[in-house]
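Student: The structure under discussion is supplied below as structure tokens; questions concerning it will follow.
The values are calculated or read from the model by the stated rules, or taken from the named source; none is laboratory data. Not measured: the values here are computed from a predicted model. All Cβ positions, even for glycine, are placed from backbone atoms using ideal geometry, and neighbour counts span all protein chains on display. Ligands, DNA and RNA are stripped out before the accessible areas are found, and what is left, the full protein with its side chains, is counted by its heavy atoms. Shrake-Rupley method; radii C 1.70, N 1.55, O 1.52, S 1.80 Å.
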Amino acid sequence: MTSPFTFWDARTAEEAAALLSKKGAMALGGGVDLLGEMKEGIRAPEHIVNLRSIPGLDKIQKTDRGWRVGATALLTDIADHADLRKDLPGFAESAEAVATPQIRNQGTIGGNLAQRPRCWYYRAAEFACVKKGGKGCPAEKGENRYLAIFGDGPCHIVHPSDCAPMLVALDARLFLRGPDGARDLPIADFYELPSKNALCEFTLKPGEFIEAVEIPTALPRSTYVKIREKDSFDFAIAACAIAGKIDGDHFTDARVVLGGVAPVPWRSVTAEANLRKNTIADAVEPASNSATDGARPMSQNAWKIPMTKAAVARAIRSFLPR
Amino acid sequence: MAKRTLRVGYPGNYREIEVDSPDAEPAPWDADSKLAVVGKRSPRLEGADKVTGKAKYTADVKLQGMLVARVLRSPYARATARSIGLAKALKMPGVKAAIEVEKEARYHGQAIAAVAAETEAQAEDAVAAIEVDWAVGEHVVDVEAARKPNAPRVHGGKNPNERGGEAQNTATEEACVTALKKSHATVDITFTTPVVTHSCLESHGSVARWESDGSLTVWDSTQSIFGVRDGLARGFQLPAEKVRVVKEHMGGGFGSKLGMGQHSMIAARLAREAKAPVKLMLTRKEEHLAGGNRPSSVQRVRAGADKDGKLTCLWLQSHGTGGINGGANCAGPLMSLYNCPVRRLWHADVITNASPAAAFRAPGHVQGMFALESTMDELAGKLGLDPIEFRKRNDQNEMRQAEYGEGAKMAGWEARAHLPNSGGRHKARGLGVSASIWGGGGAPGAQARCVISRDGAVEIQCGTQDIGTGTRTIIAMIAAEELGLKPEQVLVKLGDTTLPFSHGSGGSMTAPSVTPAVRAATAAARGRVFEACAKSLKADADNLTAKGGNVVAKGGASIPWAEACSKIAGANVSEQATRAQNFRGYKDGTAGCQFAEVEVDLETGHVQVLRVVAVHDCGRVVNPLLAESQINGGIIQGLSYALLEQRILDDATGRMMNANFSDYRIAGPKEIPEISVVLFDVSNGRTNTGVMGIGEPPIVPTPAAIANAVAHAIGKRITDLPITPDKILAALGKK
Amino acid sequence: MSASKPDGLSRRDFLGVTGALAGAGLLAGKSTAGDGDNRPAAGGLGPDPVKFGLRVNGKDHEVAAEPRATLLDVLRDSLDLTGAKKACDRGECGACTVLVDGKAVYACMMLALQARGREIRTVEGLAKGEDLHAVQAAFIEHDGYQCGFCTPGQVMATVALLEKTPSPSGDQIRAGLCGNLCRCAAYNRIFDAAAAASKAK
């Protein structure tokens, strides 16, 4: 059971922005993540603004710039969209990799991109950690087996989204709407490291919310590989999103982004370089090995290094002829 | 007592024995019995209720004026509530009662206070308004830390955290050292297993209602209605007959619901205070924190064998924690499975600031078998012996010997050597085996009543409970067999303490305890029907049988069942029987063995169990469809234990960190192997039905078989459960 | 369990801390301190109980519930449809699975208000009188359950799977049902039931 709140159905994006400017207002997509936080007693919004009542905000459409996916499009509908999958296979795969059929049937792309971390200390009301405005990170000397191997703190969460690393690899743009109008930015710029803002992984101005994401089709080859501890249902232990262009036996352009290992989708420029300068087959070793350059594991999570390498290797191998 | 000659044993190995069985009971079924209903695959009688949502569980009970309760639990592993302020909570909207439960918190999640309100939301809001002045104390949750002399004492004062000693009739250390020295091959390995929670999908819960005559009715999610009744009667100082406990359907127990839980007392106390019925269902988090668990273990096994592959010594030094109390002994398999001249056990229960353990499907055996059967494989390796051959040389159980043969064939044991290299560049396969061992012979004292009405309706009344094993269905099948009817023609009433007594459903005891009483009661009632209708058939009652829906005389004359019953004088005949002591019989335990084939991902350390071959025996199989379901369930719970599950406590605070179903992983659809079950049919001649339990035996060998398969696949042994990817990667030297 | 308090902070202090964060959640950014532009274009509902309509198993119902009530709460408490179960209350086990506009969802993680105007199907609405749905019949025949507590959710997830994928492969069955846990572990039989029901169609 959650704390009580007032519920608002937004009818237009403008109206949503106005409603979200109320004190203690939060936006509702599918609600799975938000309700989870509220049930744990770590969040208590006074107003909840329903975005799914905005007509057309769930549209998935091809434009002259690529694909535009509205914030309330369901993950299932993204995964099942045959035309989108042809152009952006990795994006469809990443949506399909999320959780379970039920969650994909409820969850929206906007909610997936703005979901909050799963760190045990963050999710438990008993702990007041730095991410919740308290002091320090109890995981540093505590249970950190699933936490970040990249990023320098002071909070060591991993970003839980499957779609975010893929969309960073695909160089997507986020379209935001706020009381002062609309703006857009590369999705990579949406996410912030804890050293910049420990309280939240992404940056939105007051009243602002995600309206849509636009994905160019300039990188026609893409894939998303997710490694779970429990295959049926799990967040990523490590994940790798690759998007690029292939000419014959090698990538001419490649973007490699890691998931599940850093507080934000983690781009590996060294892996990208190794991927570009070798044939695909020869790139597997150097690119996967270099993907974890600079990793600084915590006391319990060094095993995520071979996991990450495995995810990258597997992602690259998927481009080899079968 | 009547002397009866029975044919006992298993296919290919029968013998005749003489048993003493009570005069009043029907002749025991044996290997020659030809049965029409028992032994057939028969769907559950309550199936339609379960698939339509009509089946009512405790969580679904709704009573006039019922309130909902919530519990305030300690956020600290050790703390004292200097005061518990309920006044504010009592003033909250809808709140009708609030009580103090306990001021000393010895684990995270211990119940401190509780409230009852008109809605769940109100109850939760009110719990948040309870004011506790906490004095936080020192805790210890790590099992090794708790053993240290300067560790905080969990139960205060000078009470030691470690309660240990050597077992009775155990060899001396010197004898072990000598035996090991003389051995041709020895191993010395320490195995560790985690604390795991039962994670029943229906949490513990009760609905309590005080009646106008001062009696108490409780609907409870329990494996033991009489246990809950007696516990509540003691708690409220009521005569037992003033307490009625009802449980029609229950959403999983696995041992955690065998006694009266604290929640039942809390619900009844609140109901008395509020003068209204109260429902209290634990939340998932509470269930993990306070719903019981399987204790951890640290098992150092030193073992030896001679040149002929005969065990020379089994020496177990173990400790483990079941939280603030609860035994962690897991020596059962090591002390009983194999022949061994020198055997020693030293064990300590370690007390920690964690929630108390509860019986969990084959207590101790799952942990113990993992260590013992891992050890057997390591020894076999050192001896250069095939693992099955090594086991057979040390195992006197002829049933298990035969079961190994059957299982090895199905599992492809002969081709085992090729497996590790058959998975391609990034995968390795392996095949492992483990023995099972369990009792499951049942206990005397269970009662059943058979009521046959003039219209032919048959009702069996038995105060047992169907915890999902199919008890309701097999009771109907036993009665139907005796009466020549179909199972669906028998109405079974169970799960209510107003019915004749039966034990709690645990220890694989239900079917072997209940079926003989049901059969005896039904046979007696049938005798009364025969007496009533004998005249119409112009036959002696002794010469009548019931089959195919008719009562048939020796000469061939027959009348339909309903017509026979119409001759009953009065409304019905009713006979009650009590389950007798076990006869001497053939075998008193169950054997069994399992084979697991796994594929290990060498890049990610992920283990996929591809296939399990399970060979088990449980005496006479009443319903193979249901017995196989029990075996499937045991295997998958064992797989989940071997690969996924562990309770994780934060050392600094003693709090459980993964008290949900996302971070506490239990096996789901993608973790499920193909399962092949072979039910070894055994005529054991120990009761009038010869039925034995199969709830527990199938979970016992699975973790060991999987661990052995993993070792076979990667050539490295993981000695610490669960076998998670990090451990495989470390064993493979991946960085 | 709702009253566990974080170290060094009372519950109110703590919610105050996160309150300052409110808006940093799902999709929206930090709000300004005071009320923003509040055009009353859409009426706010609650926080007290509000009346609204739900269409369940082909019938329209009017219910009264607080906005914080989940679809599961309303189905079980207001409409007495207790087939869907509350087992984890976090969208992690599937015992509460119902169909909304033909899609399987976790009713415990959906506000009842989110289900307005949509077609809700629960396990109680599957059978036509005495005639069981093919999936229900297959669960009985194949013993696709033990304790039965997760069964309504399993049945609904299977129905949703087969409506979307009428002839699923073994892998598709597993993938389609991987949002549902069965602690008794009747999985193999559930898969058998799903396969049999797909053929029975």
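Student: For B:GLU16, tell me the accessible area in Å² from a 1.4 Å probe, rounded to the nearest 10.
Tutor: Per-residue accessible area (B:GLU16): approximately 130 Å².
Student: Mind listing P(r) for segment B:168-238? All alpha-carbon pairs, 5 Å bins, whole percents.
Tutor: Binned Cα distances yield the sequence 3, 10, 13, 12, 8, 6, 6, 6, 8, 9, 8, 5, 3, 2, 1.
Student: Over the protein assembly as shown, consider all pairs of different Cα atoms and compute the Kirkwood hydrodynamic radius from their mean reciprocal separation; express it in Å, one decimal.
Tutor: Values: mean 1/r = 0.0312 Å⁻¹.
For the protein assembly as shown, the Kirkwood estimate is 32.0 Å.
Student: According to the square roots a ≥ b ≥ c of the eigenvalues of the Cα gyration tensor, what is the shape class of segment B:45-184, taking rounded for a/c under 1.5, prolate for a/b larger than b/c otherwise, and oblate for the remainder? Mind dumping the intermediate values first?
Tutor: Values: a/c = 4.48, a/b = 1.60, b/c = 2.80.
Oblate.
Student: Ok, one more. Before anything else, pin down the relative contact order of chain B: Cα pairs under 8 Å, at least 6 apart, normalised by residue count, whole percent.
Tutor: 17 percent
Student: Here is a follow-up. Select from segment A:71-174 those trypsin sites (Lys or Arg not before Pro) which occupy a DSSP coil region and have at most 15 other Cβ atoms within 10 Å, ordered by residue number.
Tutor: On the way: sites: A:ARG85, A:LYS86, A:ARG104, A:ARG118, A:ARG123, A:LYS131, A:LYS132, A:LYS135, A:LYS141, A:ARG145, A:ARG173; in loops: A:ARG118, A:LYS135, A:LYS141, A:ARG145.
Answer in residue order: A:LYS135, A:LYS141.
Student: Okay, next question. Taking H as built 1.01 Å from N, whose amide H comes closer than 5 Å to the amide H of A:LEU74, not counting residues under 5 places away?
Tutor: Answer set, sorted by chain and number: none.
Student: Which of the chymotrypsin sites (Phe, Trp or Tyr not before Pro) across segment B:394-459 are loop residues per DSSP, with 12 or fewer other Cβ within 10 Å? Present the calculation step by step, with values, prior to reporting the outcome.
Tutor: Values: sites: B:TYR404, B:TRP413, B:TRP438; in loops: none.
Here no loop site has a sparse enough neighbourhood.
Student: Buried by at least 30 Å² relative to the chain on its own: which residues of segment B:645-662 qualify, computing accessible area with a 1.4 Å probe on protein heavy atoms?
Tutor: B:ILE648, B:ASP650, B:ARG655, B:MET657, B:PHE661, B:SER662
Student: Top to bottom by accessible area (1.4 Å), largest first, where do B:ASP32, B:ASP542 land? Before the final figure, lay out each step's value.
Tutor: Working: B:ASP32 80, B:ASP542 135 Å².
Greatest to least solvent exposure: B:ASP542, B:ASP32.
Student: In whole Å, what are the Cα extents of segment C:134-198 along the three principal axes, biggest one first?
Tutor: Projected onto the principal axes, the Cα atoms of segment C:134-198 cover 28, 22, 17 Å.
Student: Taking accessible area as the heavy-atom solvent-accessible surface of the protein chains with a 1.4 Å probe, which residues of segment B:41-58 lose no less than 10 Å² upon going from the isolated chain to the full protein assembly?
Tutor: B:PRO43, B:ARG44, B:GLY47, B:ALA48, B:LYS50, B:VAL51, B:THR52, B:GLY53, B:LYS56, B:TYR57
Student: Another question, then. Taking only protein heavy atoms and a 1.4 Å probe, what accessible area per residue, in Å², does the protein assembly as shown have with all protein chains in place? Before the final figure, lay out each step's value.
Tutor: Working: 42130 Å² over 1258 residues.
Result: 33 Å² per residue.
Student: Could you grab the Rg to Rh ratio for segment B:629-735? Cα atoms only, Kirkwood for Rh. Write out the running numbers ahead of the final one.
Tutor: Details: Rg = 17.8 Å, Rh = 16.4 Å.
Over the Cα atoms of segment B:629-735, Rg/Rh equals 1.09.
Student: For segment B:161-254, which GluC sites (Glu not before Pro) are both in a DSSP coil and crowded by at most 10 other Cβ atoms within 10 Å?
Tutor: Numbers: sites: B:GLU162, B:GLU166, B:GLU173, B:GLU174, B:GLU202, B:GLU211, B:GLU241, B:GLU248; in loops: B:GLU202, B:GLU211, B:GLU248.
Qualifying residues, ordered by number: B:GLU211.
Student: Express in Å², to the nearest 10, the accessible area of B:LYS103 obtained by rolling a 1.4 Å probe over the protein heavy atoms while all chains stay in place.
Tutor: Answer for B:LYS103: close to 80 Å² accessible.
Student: Could you point to the residue in B:SER221, B:GLY304, B:ALA290 farthest towards the positive end of segment B:217-309's charge dipole, with +1 and -1 charges on the Cβ of Lys/Arg and Asp/Glu respectively?
Tutor: Selected residue: B:ALA290.
Student: Still on this structure: Placing +1 at every Lys and Arg Cβ and -1 at every Asp and Glu Cβ, with all other atoms neutral, what dipole size does the protein assembly as shown have around its Cα centre, in debye to the nearest 20?
Tutor: Numbers: 152 positive and 141 negative charges, 143 e Å.
Approximately 680 debye in magnitude.
Student: Have a look at A:THR252, B:ALA151, B:VAL51 and report the one farthest towards the positive end of the charge dipole of the protein assembly as shown, computed about the Cα centre with Cβ charges (Lys/Arg +1, Asp/Glu -1).
Tutor: It is B:ALA151, whose Cα lies furthest towards the positive end.
Student: Return, for the Cα atoms of chain B, the radius of gyration and Dmax in Å, separated by a comma.
Tutor: Expressed in Å, the Cα Rg and Dmax of chain B come to 27.5, 87.
Student: Tell me the carbon and sulfur percent of the accessible area for chain A, rounded to whole percent, probe radius 1.4 Å. Intermediate results must be reported in sequence, preceding the final value.
Tutor: On the way: 4920 of 10090 Å².
The computed percentage sits at 49.
Student: Total Å² of accessible surface buried at the C-A contact, 1.4 Å probe, nearest 100? Could you put the intermediate results ahead of the total?
Tutor: Values: alone 12510 and 14170 Å², together 20940 Å².
So the buried area, both faces added, is about 5700 Å².
Student: Could you tell me which of rounded, prolate or oblate describes segment A:221-317, using a ≥ b ≥ c as the square roots of the eigenvalues of the alpha-carbon gyration tensor, with rounded for a/c under 1.5 and, failing that, prolate when a/b is larger than b/c and oblate otherwise? Mind showing how you got there, number by number?
Tutor: Details: a/c = 2.10, a/b = 1.60, b/c = 1.31.
Prolate.
Student: Report relative contact order for segment C:134-198 in percent, whole number only (criteria: Cα-Cα under 8 Å, sequence separation at least 6).
Tutor: Details: 75 pairs, mean separation 35.5, N = 65.
Computed value for segment C:134-198: 55 percent relative contact order.
Student: As a test of reading the structure, rank B:HIS616, B:HIS503 by solvent-accessible area (1.4 Å probe, protein chains only), most first. Before the final figure, lay out each step's value.
Tutor: Values: B:HIS616 0, B:HIS503 50 Å².
So the residues, ranked largest to smallest area, are B:HIS503, B:HIS616.
Student: Right, here's the next one. Which percent of the Cα-Cα distances in segment B:73-135 go past 18 Å? Walk me through the intermediate numbers first.
Tutor: Details: 597 of 1953 pairs.
For segment B:73-135, the share of Cα pairs beyond 18 Å comes to 31 percent.
Student: OK, next. Using a Förster distance of 45 Å, how high is the FRET efficiency between B:LYS182 and B:GLU488, based on the Cβ-Cβ distance and rounded to 0.05? Working shown, then result.
Tutor: Values: r = 63 Å, r/R0 = 1.41.
After rounding to 0.05, the efficiency reads 0.10.
Student: Based on the alpha-carbon gyration tensor of segment A:1-104 and its eigenvalue square roots a ≥ b ≥ c, which shape applies: rounded if a/c is under 1.5, prolate if not and a/b is larger than b/c, or oblate? Please report the intermediate quantities before stating the final value.
Tutor: On the way: a/c = 3.25, a/b = 1.58, b/c = 2.06.
It comes out oblate by the Cα gyration axes.
Student: How much of the accessible area of chain B, probe 1.4 Å, is carbon plus sulfur, in whole percent?
Tutor: 47 percent
Student: What is the Cα radius of gyration of segment B:1-93 over 2.2 N^0.38 Å, N being its residue count?
Tutor: Values: Rg = 28.7 Å, N = 93, 2.2 N^0.38 = 12.3 Å.
Scaled against compact globular proteins, the figure is 2.33.
Student: If you line up the Cα atoms of segment A:181-223 on their principal axes, what length do they span on each, largest first, in Å?
Tutor: Principal axes ranked by extent give 35, 28, 12 Å for the Cα atoms.
Student: Of the candidates A:SER195, A:SER290, A:SER222, which one comes out as most mobile in a Gaussian network treatment of chain A with C-alpha springs shorter than 10 Å?
Tutor: Result for chain A, Cα springs under 10 Å: A:SER195 fluctuates most.
Student: Moving to a separate point now. Please report the buried accessible area for the interface of C with B, total over both chains, probe 1.4 Å, in Å² to the nearest 100. Don't skip to the answer; put the middle values down first.
Tutor: Details: alone 12510 and 28590 Å², together 36210 Å².
Looking at C and B, the buried total is near 4900 Å².
Student: For Cα pairs less than 8 Å apart in space and 6+ apart in sequence, what is the mean separation divided by the residue count of segment A:221-317, i.e. the relative contact order in percent? List each step's numbers first, then the result.
Tutor: Details: 187 pairs, mean separation 25.6, N = 97.
RCO, segment A:221-317: 26 percent.
Student: Any residues in segment A:130-175 that have 50 Å² or more less accessible area with all protein chains than in their chain alone, probe 1.4 Å, and which are they?
Tutor: For segment A:130-175, once contacts with the other chains are taken into account, A:LYS132 lose 50 Å² or more.
Student: Using protein heavy atoms only (no ligands, DNA or RNA), what is the total accessible area buried between A and B, 1.4 Å probe, nearest 100 Å²? Please report the intermediate quantities before stating the final value.
Tutor: On the way: alone 14170 and 28590 Å², together 39930 Å².
Approximately 2800 Å², summed over both chains.
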